[in-house]
Every structure is written in C-alpha cells, then in structure tokens.
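Okay, structure first, notes after.
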Amino acid sequence: MSLTGPIFLDGIIALTVAAFVAVVWLWPRLTRGTPWHVAGRVGSLATVNLLVLLVAATQLNATYLFFANWADLRGALTGDVTQTSQHRGGAEQAAPNIPVRGRAEPVATDPVPLAVGPSGLADYVVHGAASGLTGKVLVQLPPGYASAPTARFPVLEAFHGYPSDPPSWVSVFHLPQQVDQEVAAHRLRAPLVVMPQIEFPRGVDTEGVDGGAGRPLVETWLTRDVPAWLGQHFRVVANRDAWASVGYSAGGFDAAMATVLHPAQYGAGIVLGGYFRPEFGPFYEPFGPTSAAARHYDLVRAVAERHPPVSLWLETSHADPVSYQSSARFLRVTRTPTAVHAVILQNAGHRDSVWINLLPQALRWLGRNVAGFRP
C-alpha cells in the first residue's frame, strides 16, 4: 500500500467519516456525568480530531511529497537513509579555474561600505539597474570582516525555494551557522553569504527567470544586479572561483541556472533537490514550453551544447519525482569540462530536513574542490 496512493488516502478519509458517524450515534449514551462517560466523550472527540488532522497531513504529503514512501518516512524517523555518489564530467577541482569568456560584474577597488549590525547580518532594499526590480537582499558577513579591513572574501549566493523568502536560510536552514562550523573546522574559507528575494511580487513562483516584456526580469536581478551591488559595497573576490551558488527545490533550479548560464560569474553551484528546467505554478507562466525562452532555460540542453567549465554538487533521490528525472537527464549529458558530483538518496522526499542534513557535506565539498573557498 503506497503512502501517497488512493487506497491509503481514501481509506483514511473513510475511517474518519466512520469515526464521526460512530461518535454521533454513541453520543447520547455518553451524556451521563460519571468518570467513564466523561472519558468516553473526551476519547471520542480526540479520536475524530486526530483522524481529521491525519487526513489533512496525508493529503498535503500526497500533494507536496514531503515523504515519498514508507521507506522514506521510516528513514526520516530513524535517520537511516541510503546514499550513493556519482561523478560525471571533468575534474571538480579544475573546472572553476578554466578561463571563461562572458560577463562578470565588476568589483570595486574601494567599495562603499553599508551599515551592518554587530551580528554581521543585515537586510537591505536594493534597486537593480539592469532588471529594474527593487527587492530585499539579506547579507551575512563572515566573522572577522570588520577586523580585517583589507581582506577580501568569497561569495556564496543562496536562493530560497517556493514559497519562501530569504530569511528561511537563517531561521530554517541555519546556513550562516553551518558555514561558521565548517570555517571553524578549517574545511571552508569564510564566505560572504548573500540571500536575495526571488518572488516578484511576493507569492509569485517566478522560478528565477526573465519573464519577458511586462514581466519581472528575475534572472537579470539575481545574476547581474545582486553581484554588481555586492561588488560596489563589500570587499569580495573578483575571480569566478570565489563565487558559488546554493539553492533548494526551486532555488536549486536557480542555483543550477545561475552557474550553468553564467559561468563567468559563478564557478560552482550546490543544487539541493533542484531540477533543470523551470516548473511554473498554475498562476504564472511567462512563456510557452516550445518558446526560445524555454529552450534557453532548459539546462539539460544548455550543458549538453555548451559544456560550461563549472563544478556542481547536486542531491536528488530515486523517490523524489520533482528532481530525479531531470537530474538523471542532466547527469547523462554532462561532459568535460563540466564537473558534477551527485549525491543520490535511495528513499527521500522533497523536504527541508533532507537538505538541511546534507548542507554540511555540500559545504565541505565546496571548500575541498573550489579554490576560492579552500581554507
């Protein structure tokens, strides 16, 4: 019996309806004031309410596939998840060092500093000259940034999923703390972490793409405006081997898109449960599936034709229908100098807890293989 199949889901609904009917039928017999009758009323109401919550939970799980199957649910409870690794393409350490033609945003010799609190975490409103968008950008400065006024730092640009916002990287994924732990263990060079807004307006699943005339140019915002703003105001390294992306789910697509389509800016990317062509929601579809824009954002096609010299770390699972098929196609067409390290889970759904647990592993890969992030 499948965790997300109709037999289980319909069975839970039928059981809930049956329990409700039973309570209505038995209630007149439970109206006396004895302890046993009171306990019967409490127990029957609790049972029905628990079943209603179970219906809601199972239906949500079937829709969003937080747990793909029973093995995935068991693995989440026990922490026992089977993991295998694959390598495709060229050398992971070499790819970010290969010279690339293309546009990279300039880095100021004397950046104009912005106000930052004592925690090093600050929220800014940024206007993008190239995209015309104005959005929020969350920045976490590395420890020692203020005390080393001549030092420059690598950049890790973090793309959130949908629906979500930049603070999810702090409150849910604890990305700054995870980065600090790897830095303290001398497995990662301390980066500046930047977390930009992706939904324009809030609540719209833009998939991080340029929507064309009359629609937000989100790719331009993420890959040109945000890097240009960082280069103007923060002491960051200019080399592409010191710029990397990271994202989960829809943000995983954005991380892959930024790295594959803009290799002059980003030398590496981390893709957690992502996919390799945009998957728009029902209320926003800026271009058709056969359009030139759709071909532009087909990253399987892009990597097969261009072979960008970048390194990618990606996670997917056989049980994750959102990411697995396109990730498998992406791996099949990867050729040198593109380099991909793939972590493939046997049974894992499409949920935050899977990706949070894998973040330290991905950050260690970044510090080990990408020169600009090597301690």
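The values are calculated or read from the model by the stated rules, or taken from the named source; none is laboratory data. Small disclaimer: the values here were computed from a predicted structure and weren't measured. Quick reminder, even Gly has a Cβ in these numbers, built from the backbone with ideal geometry, and neighbours come from all protein chains shown.
At a glance:
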quantity	calculated
Candidate set: the range 318-375, residues that are assigned to a loop (DSSP other than H, G, I, E, B) and of a type in the set (D, E, K, R); chosen: the one surrounded by the fewest Cβ atoms within 10 Å (Cβ to Cβ)	335
Within the range 169-275, helices (runs of 4 or more DSSP H) holding 1 or more residues that are at pLDDT 95 or above and within 18 Å of residue 356 (Cβ to Cβ)	175-184, 250-261
Residues located in the range 207-238, provided they are under 21 Å from residue 163 (Cα atoms), surrounded by fewer than 22 Cβ atoms within 10 Å (Cβ to Cβ) and in contact with a helix residue (DSSP H, G or I) (Cβ under 8 Å, 6 or more places away or on another chain)	210, 211
Conditions (1) more than 19 Å from the chain's Cα centre (by Cα); (2) of a type in the set (D, E, K, R); (3) more than 30 Å from residue 142 (Cβ to Cβ): number failed by residue 205	(1)
Close pairs from the range 121-146: first over 17 Å from residue 235 (Cα atoms), partner part of a loop (DSSP other than H, G, I, E, B) and hydrophobic (A, V, I, L, M, F, W, C), Cβ under 6 Å, at least 6 apart	133/200
Which numbered condition residue 290 misses (of (1) at pLDDT 95 or above; (2) within 30 Å of residue 214 (Cα to Cα); (3) polar (S, T, N, Q))	(1)
Exclusive hit being assigned to a loop (DSSP other than H, G, I, E, B) and at pLDDT 95 or above, set 68, 104	104
